[in-house]
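Please see the structure below; I have some questions.
The values are calculated or read from the model by the stated rules, or taken from the named source; none is laboratory data. Quick caveat: nothing in here was measured; it's all calculated off a predicted structure. Neighbour counts run over all protein chains shown; Cβ positions are idealised from the backbone, glycine included.
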Amino acid sequence: MDSFPAAVEEVYRSTAKHDRGLKDLVIKLMMAKLQTFNDKEKQAVNKLLEDIPEFSYDLCIALMMERQ
């Protein structure tokens, strides 16, 4: 998980808003791992959610879509 937050940040900071390929992959990976994070990893995810609003939005939408 150590490199995952850096990867998320890089994807969201360097990819055009309409370019979904890497962003969708990051969200898919995050959703797959969400339930298994330890406390340190949860802190890293919380920081991503605070620092990258587009990531927060994408994750929220993906979680809502999953529940339908």
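Considering each residue of the range 33-49, count those that are part of a helix (DSSP H, G or I), without any contact (Cβ under 8 Å) to a residue 40 or more places away in the chain and over 11 Å from the mean Cα position of the chain (by Cα), and give that number.
Summing the residues that are part of a helix (DSSP H, G or I), without any contact (Cβ under 8 Å) to a residue 40 or more places away in the chain and over 11 Å from the mean Cα position of the chain (by Cα) in the range 33-49 gives 6.
Kindly list the number of the only condition in (1) touching a residue at least 12 places away in the same chain (Cβ under 8 Å); (2) surrounded by 12 or more Cβ atoms within 10 Å (Cβ to Cβ) that fails for Glu66.
Just one mismatch for Glu66, condition (2).
Being among the β-branched types (Val, Ile, Thr), more than 16 Å from Asp2 (Cβ to Cβ) and surrounded by 14 or more Cβ atoms within 10 Å (Cβ to Cβ) is the filter here, so list the residues in the range 35-62 that pass it.
Result: Ile52, single match.
Here is a further query. Out of the range 18-32, which residues are over 10 Å from the mean Cα position of the chain (by Cα), assigned to a helix (DSSP H, G or I) and surrounded by 12 or more Cβ atoms within 10 Å (Cβ to Cβ)? Working first, answer last.
Keep residues of the range 18-32 that are over 10 Å from the mean Cα position of the chain (by Cα), which gives 18-22, 32.
Cutting the leftovers down to assigned to a helix (DSSP H, G or I) gives us 21-22, 32.
Leu22 - this is the single residue of the range 18-32 that is over 10 Å from the mean Cα position of the chain (by Cα), assigned to a helix (DSSP H, G or I) and surrounded by 12 or more Cβ atoms within 10 Å (Cβ to Cβ).
Another question, if that's okay. Thr15 fails exactly one of the following numbered conditions: (1) surrounded by 14 or more Cβ atoms within 10 Å (Cβ to Cβ); (2) of a type in the set (S, T, N, Q); (3) at pLDDT 95 or above. What is the number of that condition?
(3)
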